[in-house]
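Worksheet: one structure, shown below.
The values are calculated or read from the model by the stated rules, or taken from the named source; none is laboratory data. All figures in this text were calculated on a predicted structure; none of them were measured in a lab. With ideal geometry, Cβ positions are generated from the backbone for all residues, glycine too; neighbour counts draw on all protein chains shown. To get the accessible areas, we keep the full protein, side chains included, count just its heavy atoms, and leave off ligands, DNA and RNA. Shrake-Rupley method; radii C 1.70, N 1.55, O 1.52, S 1.80 Å.
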Amino acid sequence: MDVLIRPTAEVARAAADIITHYIQQGATLGLATGSTPTPTYRELIRRHHEEGLSFAACRAFLLDEYYGLPRDHEQSYYATIRRELTSHIDIDDALVDSPDGTNSDYVAAAADYEERIAQAGGIDVQLLGVGTNGHVAFNEPGSSLASRTRLTSLHPQTVTDNARFFDSADDVPRHVLTQGLGTILEAGHLVLLATGSTKADAVRRLVEGPVTASCPASILQLHPRATVIVDEEAAAQLDNAEYYRFLDESAPEL
Ligand code: GLP
């Protein structure tokens, strides 16, 4: 696992540099929602407009979706990613996919999503955030490390954390369809971003704690190609921060 500790304003650029490399190869992108990746999306949009970065050969899959929200609900993750990224670039809308949160047969909806990812040849690079309780996508603490796309329930902490996007906590859907931890582990490269002091405990646990279902993001330790990009505040509880900086500074030029 590579741990890059950067000033807050440079986290997005470091992430965009990695993702750009994949975009230039027409890759299948794994997109995350939440507020953390927003500056990275802004930087990618800027590169599209100012530097000719084209997404025309790319396709994309979202990590997760609220169950019960139609795609055109403004807080659906499908609508969110359109607003934050895909409506501003030249990706083919028909190739931006998400779990179907309106299918009453949620077992079929989950299986279909796995199938569509597999048919696309898998995800080349997966952008990830982390919840304050260590969740990735919507895999809450206790999720099987081998889990696949499925319907699951939100942790009360996540409902509280995400209430800011809705009129009130009561409006936050309690159920979600999410890629599983086993699904996420199959992506070619995992890039997890975390900024701010509220993420410091989760970052310590995912980078330096044991691999455990109690901290779902700790699955990054099992992946052969994982990059964690954090700002100083999110890195504040890392015991080995100086070592990660040393490795970062002495990395060979590619
Ligand atoms: C949400 C999403 C995650 C996201 C996390 C953190 O609930 N399902 O994919 O990484 O919570 O969100 P934020 O970046 O807003 O802190």
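Protein chains only, probe 1.4 Å: how do Glu253, Glu186, Glu65 rank by accessible area, largest first? Walk me through the numbers on the way to the answer.
Details: Glu253 175, Glu186 125, Glu65 5 Å².
Greatest to least solvent exposure: Glu253, Glu186, Glu65.
Please work out the C-alpha center-to-center distance from region 72-101 to region 187-220 and express it in whole Å.
For region 72-101 versus region 187-220, the Cα centre distance is 26 Å.
Of the beta bridges DSSP finds with both residues in the chain, what % are antiparallel, to the nearest 5? Please report the intermediate quantities before stating the final value.
Working: 9 of 30 bridges.
Looking only at bridges with both residues in the chain, the antiparallel portion is about 30 percent.
If I build a Gaussian network model for the chain, linking alpha-carbon pairs within less than 10 angstrom, which residue out of Glu50, Glu232, Glu84 has the largest mean-square fluctuation?
So, out of Glu50, Glu232, Glu84, the one fluctuating most is Glu50.
Which ³J(HN,Hα) values in Hz, rounded to whole numbers, follow from the phi angles of region 163-175 under the Karplus curve 6.51 cos²θ - 1.76 cosθ + 1.60, where θ = phi - 60° and Gly and Pro get x?
4, 5, 8, 10, 5, 7, 4, 4, 7, 6, x, 8, 10
Please give the solvent-accessible surface of Phe165 in Å², to the nearest 10, using a probe radius of 1.4 Å with every protein chain present.
It works out to around 80 Å².
Under 1.5 on a/c is rounded, so check that first for region 112-153, then, if it is not, pick prolate when a/b is larger than b/c and oblate when it is not; a ≥ b ≥ c are the square roots of the alpha carbon gyration tensor eigenvalues.
Numbers: a/c = 2.71, a/b = 1.57, b/c = 1.73.
Taking the square roots of the gyration eigenvalues as a ≥ b ≥ c, region 112-153 is oblate.
From the Cα gyration tensor of region 1-69, with a ≥ b ≥ c the square roots of its eigenvalues, which class applies: rounded if a/c is under 1.5, or else prolate if a/b is larger than b/c, or else oblate? Let's see the in-between values first.
Details: a/c = 1.61, a/b = 1.10, b/c = 1.46.
Verdict is oblate for region 1-69.
Within the set of other residues whose C-beta is less than 15 Å from the C-beta of Leu154, count the net charge using Lys and Arg as +1 and Asp and Glu as -1.
Working: positive: Arg150, Arg164, Arg174; negative: Asp64, Glu65, Glu140, Asp161, Asp170, Asp171.
So the surrounding residues net to -3.
Please give the peptides 18-26, 89-97, 200-208, 138-146 ranked by average Cβ packing (other Cβ atoms within 10 Å per residue), highest first, as a rough proxy for protection. Provide the component values of the computation, followed by the final result.
On the way: 18-26: 16.9, 89-97: 15.1, 200-208: 21.6, 138-146: 18.8.
In descending order of packing, they fall as 200-208, 138-146, 18-26, 89-97.
Taking the Cα centre of region 2-249 as origin, work out the dipole magnitude from +1 charges on Lys and Arg Cβ and -1 charges on Asp and Glu Cβ, in debye rounded to 20.
Values: 19 positive and 36 negative charges, 39 e Å.
In total the dipole reaches around 180 debye.
With a point put 7 Å past each Cα toward its Cβ, work out how far Asp17 is from Leu151 in nm, to one decimal.
For Asp17 paired with Leu151, the spin-label model returns 4.4 nm.
Sort all Cα-Cα distances of region 140-254 into consecutive 5 angstrom bins from zero, then give the percent of pairs in each bin up to the one containing the longest distance.
2, 10, 16, 20, 20, 16, 8, 4, 2, 1, 0
Distance between the C-alpha centers of region 14-68 and region 111-138? Whole Å please.
Cα centres, region 14-68 to region 111-138: 14 Å.
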